[in-house]
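Asks: Mind having a look at this structure? Questions to follow.
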Amino acid sequence: VQLQASGGGLVQPGGSLRLSCAASGSIFSPNVMGWYRQAPGMQREQVATVSSYGITNYADSLKGRFTMSRDYTKNTVYLQMNSLKPEDTAIYYCNIRWGPQNQFGSWGQGTQVTVSS
């Protein structure tokens, strides 16, 4: 599976961005697609995930500002980020997992999001 993320950039505090991640290749179902982020000097953290069944989970700290959606016809997930804060600055990665225990996975290349005035 190959994942291609896009949509990052520079945005002012309070602004919005929409990230996209398209999956291609041999995509096994069911699966879970997710967004993760890694800020400089920090560990990678989960932002949100959505399963093949449409079940979405968010990091508690991001609920209400970030919305993840999935277009099953395009094998694409989106992350709508609103009311962005400087602490949201990070490289955002998309991920797909599959298998009985979701033990198989693939990462996209990441897209930089910078929130700064």
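Asks: Restricting to segment 70-80, count the residues that are surrounded by 15 or more Cβ atoms within 10 Å (Cβ to Cβ) and at pLDDT below 95.
Replies: Counting residues in segment 70-80 that are surrounded by 15 or more Cβ atoms within 10 Å (Cβ to Cβ) and at pLDDT below 95 gives 1.
Asks: Give just the number: which of (1) in a strand (DSSP E or B); (2) of a type in the set (Gly, Ala, Ser); (3) at pLDDT 95 or above does SER83 not satisfy?
Replies: Failing condition for SER83: (1).
Asks: Here's another thing I want to ask about it. Name, by its number, the condition in (1) under 20 Å from LEU3 (Cα atoms); (2) open to solvent by less than 30 Å² (accessible area, probe 1.4 Å); (3) in contact (Cβ under 8 Å) with a residue 40 or more places away in the chain that does not hold for VAL115.
Replies: Here VAL115 meets the rest and fails (1).
Asks: Can you find, within segment 5-28, the residue that is most open to solvent (accessible area, probe 1.4 Å) among those that are under 14 Å from the mean Cα position of the chain (by Cα) and among the polar types (S, T, N, Q)?
Replies: SER6
Asks: If a residue must be closer than 20 Å to GLN109 by Cβ and touching a helix residue (DSSP H, G or I) at 6+ places or on another chain (Cβ under 9 Å), how many such residues does segment 54-98 contain?
Replies: Number of matching residues: 2.
Asks: Among the residues of segment 29-53, which ones are open to solvent by 40 Å² or more (accessible area, probe 1.4 Å) and either farther than 16 Å from THR89 by Cβ or touching a Lys or Arg at 6+ places or on another chain (Cβ under 9 Å) (or both)?
Replies: SER29, PRO30, GLN38, ARG44, GLU45, GLN46, TYR53, listed by residue number.
The values are calculated or read from the model by the stated rules, or taken from the named source; none is laboratory data. Being a predicted model, the structure only gives us computed values, none of them experimental. Every residue, glycine as well, gets a Cβ built from its backbone with ideal geometry; the counts of neighbours run over all protein chains shown. The protein model used for the area step is the full one, side chains on, heavy atoms only, and it has no ligands, DNA or RNA in it. Shrake-Rupley method; radii C 1.70, N 1.55, O 1.52, S 1.80 Å.
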